[in-house]
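Take a look at the structure below.
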């Protein structure tokens, strides 16, 4: 039984780099910069054509994304803090600005620029998002330690 679990490994976004992506109006990725690919752990080709929520971390409350979509569909820029899921199941935090791109008076796509955030802000936002998920969705993040013998016993069964 493989007991490795990378969900608690954080990748920090370098201070001098921006993560940039564009999506169509349904949130399907049409462009990523190299920093996005590197930080998320994907190759650019693995991201293009996929829904942007491929990197949605389960700690993110649904209300954050509801607010994001409501804001950008109104033609306004959304700003906020996002915890993203890496391909290896680790995570990274960003401050994001997502805005509609308008041509000839019509929204044609969305552009997202993301930058690093301080450790203090990451801790603050994790606590807030844990609280929101508990209130809105009735779910809580739990870390559970079990005896190795129990894991060995579980390994005898298909889960």
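What follows is calculated from the coordinates using simple rules that are stated; it is not laboratory data. On a predicted model such as this, the values are computed, not experimentally measured, just so you know. In this analysis, Cβ positions are derived from the backbone assuming ideal geometry, glycine residues included, and neighbour counts consider all displayed protein chains.
Descriptive notes on the structure:
- When each of 52, 57 is scored by the number of other beta-carbon atoms lying within 10 Å, the sequence from fewest to most is 57, 52.
- For the chain, the mean residue ellipticity at 222 nm estimated from helices alone is -9000 deg cm²/dmol, where every DSSP H run of n ≥ 4 contributes -39500 (n - 2.57) and the total is divided by all residues, rounded to the nearest 500.
- GNM top mover of 145, 31, 81 - the chain, alpha-carbon springs below 10 Å: 145
- Here the Gaussian network model covers the chain, with springs between Cα atoms less than 10 Å apart; of 138, 80, 49, 138 fluctuates the most.
- Taken over the chain, the alpha-carbon convex hull comes to 143 cubic angstrom per residue.
- Residue separation of residue 104 and residue 135 scaled by 0.36 nm, minus their Cα-Cα distance, works out to 7.0 nm of gained length.
- Nearest-ten-degree value, helix 119-137 long axis tilted from longest Cα axis of the chain: 80
- Projected label distance in nm at residue 8 and residue 31, using a 7 Å step from Cα toward the beta-carbon: 4.0
- Distance from the C-alpha centroid of the range 40-67 to that of the range 93-114: 15 Å, rounded to the whole angstrom.
- Sorting 97, 137 by the number of Cβ atoms found within 10 Å of their own Cβ, with the fewest placed first, yields 137, 97.
- Comparing mean-square fluctuations of 118, 99, 21 from a GNM of the chain with C-alpha springs under 10 Å, the top value falls on 118.
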